[in-house]
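Okay, structure first, notes after.
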Amino acid sequence: MLVRARVRSRALRSGRVGLLSLLLFLVSASPGRSADFLQEDGFFRVSIGGQTFRLEGITVKRADATGRLPVALITPGKAPNLQNMLDQHAIDYVGQAKDLANRGWLAVVVIRRGFGQSDGPMPSPMTCESTSFVERFSADADDLQATLDFIARRTDADPTRMIAIGVSAGGAAVVALSSRNPTNLRGVINISGGLRMESCPKEDALVQAFKEFGAKSRVPTLWTYAKNDSFFGPELVGRMRNAFLDAGGDVKLVMFDPMGTDGHTALFGSGDGRLKWLREMDAFLRFRKLPTWQRKDVDALLKKLNAVEQKRGFVENFVAAPFEKALARVSADNSMYDGYGSKTIDAARNRALDGCRKNKPQAQCVIVMENNDWVGSTQ
């Protein structure tokens, strides 16, 4: 069970505390300005191979969400050394969880065995003597399947609609999960996925693993990479994709132009990188009639901003942009500037104001949006 929880919501500020999900135990409450969400931090007690394991995790959903929500499972990559592996925590990915929760999902972050405060050790470690990645990725997929099974029992989860999102080694794990074709797994998003053996490269074994998973997978998958990924360059990604596709897998590959100093970390972690894969994911979800933002959301904000149609692209980006985010405006000419993907709303606000003041040094720049909240003057 999830043994401890933290809740942030406007309901708390007004004295109303909603019913938490089955098997959850509330021990503390922490209201805050970024209060669009209910967040529960703790551990999932899951069953793998007849044994019970404790996996560190968080769940996030919109504070105004009701009924059963589709489930978006998020799992991170592998840190480069044991100390960093043990320092990985589910809370580190709360921003990405909010991005999914804001689109109408029950967002779930899970730390796999051997990482953070999850039980260990890693079930199938790789060494230079290893000749296949399949066992390792399959063991990671065991953790993901067990987590989905656990979450499916929640009263606020819709077990008929689930997706899995993974980055780096987590990306390979969700592809491995897709090869099992779990009931009601509607899609998989692989971000910079794979596993690099720095001291003994095994690119052929990595390609072979994706071929074996592609031979079994029938779940739609979206793969996103950057051209300057220091782990998995375009040529290797092409080989992985072709092996998966030729074996029978369903994959759409998006290769982004270089970003940051290393696209491997920038795509998933930076604000600009997150916006890129989120926009691709939105199209992937919309095509499959799964929840995400819609045109009416953009129309409503355009009207609120009293903005012309030419601003639609900018407003679409803001609606899709990762949390925390803020929008600054100059009322004199209705020019707008945003800041997104920040750790705090204060940082997002400052970034939006900095962009405004740089371009309009003599103007009065005012914050009008903070995440989903209109904070400007009434029209």
Exactly one of Phe133, Phe115 is modelled with pLDDT under 95, crowded, with 24+ Cβ neighbours inside 10 Å and assigned by TED's automatic domain parsing to the domain that holds Lys211, and that residue is Phe115
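Looking at Asp149, Asp142, which one is surrounded by fewer than 20 Cβ atoms within 10 Å (Cβ to Cβ) and among the charged types (D, E, K, R)?
Values: Asp142 fails: surrounded by fewer than 20 Cβ atoms within 10 Å (Cβ to Cβ).
After ruling out the rest, the residue left standing is Asp149.
Return the residue satisfying two criteria in turn: it lies in region 49-64 and is out of contact with any strand residue (DSSP E or B) (no Cβ under 8 Å at 6 or more places or on another chain) and not charged (D, E, K, R), and of such residues it is nearest to Ser124 (Cα to Cα). Walk me through how you get there before you give the answer.
Step one: of region 49-64, the residues out of contact with any strand residue (DSSP E or B) (no Cβ under 8 Å at 6 or more places or on another chain) are 49-51, 64.
When the remaining residues are screened for being not charged (D, E, K, R), the result is 49-51.
On the way: Gly49: 14, Gly50: 17, Gln51: 16 Å.
If we take residues in region 49-64 being out of contact with any strand residue (DSSP E or B) (no Cβ under 8 Å at 6 or more places or on another chain) and not charged (D, E, K, R), then Gly49 is nearest to Ser124 (Cα to Cα).
Do we have Leu100 as part of a helix (DSSP H, G or I) and touching a Leu at 6+ places or on another chain (Cβ under 8 Å) here?
Values: part of a helix (DSSP H, G or I): yes; touching a Leu at 6+ places or on another chain (Cβ under 8 Å): no.
Answer is no for this residue.
The values are calculated or read from the model by the stated rules, or taken from the named source; none is laboratory data. Small disclaimer: the values here were computed from a predicted structure and weren't measured. Here the Cβ is made from the backbone with ideal geometry for all residues, glycine too, and neighbour counts use every protein chain on show.
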